[in-house]
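Beneath this line is the structure, given in structure tokens, with notes to follow.
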Amino acid sequence: MPLNRVQFLWLATLFEGALVVIAIALGQWLLIDPFEYLKPDHVAVIIGLLGCLPLYGLFLASDYLAATRDIRELLIDRLGGLLAACSLQELIYLGFLAGTTEEILFRGLLQPWLERDWGPFGGLIFSNLLFALLHWITPTYALLAGLSGLYLGLSLDIGGERNLLTPILIHALYDLLAFVAVARAYRVRLKAGPH
């Protein structure tokens, strides 16, 4: 039986919320505060707002490459109906939920932890291998998620001082824009009818 909109929102909330619980619990064990680098800062906000544009530009370009077009179609097939059923406020919620919780775990906890033994480069690489695995839908999708994670991991240190707010905003805004695009594409497909 397929999920309805309310079940989808609850499932997303539980899954993404569990990531923060995991980050806090692991942080206690590893003696890392996953919120240590989360600071309000206007530079981080500006970089976060502008930083989502390259990722979203690549998402829009995905229509023109066969490998990524297949992924986009897969997303429309799997998530399009659920996202199209959501209001704009719910899409904003989902975008910021995913962007915030995933960044707290991967850039707030895992990247700093892995940097302890592997240095900045190793922390960046290994945390994003884990990020790619979490996003494994297809091998190509995992690769693209891992590359996006590298971008997000690098953004953590842009602006002079490490700030988790930057990758959170990039990730959340990108997710929001992608969710809106997938919902719109699904609605267009419905209006066009069967091929």
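The values are calculated or read from the model by the stated rules, or taken from the named source; none is laboratory data. Bear in mind the structure is a predicted one, so any value in this text is a computation, not a measurement. Please note: Cβ atoms are built from the backbone with ideal geometry, for glycine as well, and neighbour counts cover all protein chains shown.
Residue by residue, here is whether (1) touching a residue at least 24 places away in the same chain (Cβ under 8 Å); (2) touching a helix residue (DSSP H, G or I) at 6+ places or on another chain (Cβ under 6 Å); (3) in a helix (DSSP H, G or I) holds:
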residue	(1), (2), (3)
Arg162	yes, no, no
Pro167	yes, yes, yes
Ala172	yes, yes, yes
Leu177	yes, yes, yes
Val182	yes, yes, yes
Ala185	yes, yes, yes
Lys191	no, no, yes
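Any residue in the range 120-132 that is assigned to a loop (DSSP other than H, G, I, E, B), within 29 Å of Val180 (Cα to Cα) and either modelled with pLDDT of 95 or more or in contact with a Leu (Cβ under 8 Å, 6 or more places away or on another chain) (or both)? Break it down into steps so the answer makes sense when it comes.
Of the residues in the range 120-132, the ones assigned to a loop (DSSP other than H, G, I, E, B) are none.
Checking the range 120-132: not a single residue is assigned to a loop (DSSP other than H, G, I, E, B), within 29 Å of Val180 (Cα to Cα) and either modelled with pLDDT of 95 or more or in contact with a Leu (Cβ under 8 Å, 6 or more places away or on another chain) (or both).
Set side by side, the residues Leu143, Leu147 differ, and just one is free of Cβ contacts under 8 Å to residues at least 24 places away in the same chain, surrounded by fewer than 18 Cβ atoms within 10 Å (Cβ to Cβ) and closer than 22 Å to Ile47 by Cα, which is Leu147. Screening the range 18-69 for residues that are assigned to a helix (DSSP H, G or I) and aromatic (Phe, Trp, Tyr) and picking the one that is surrounded by the most Cβ atoms within 10 Å (Cβ to Cβ) gives Phe59.
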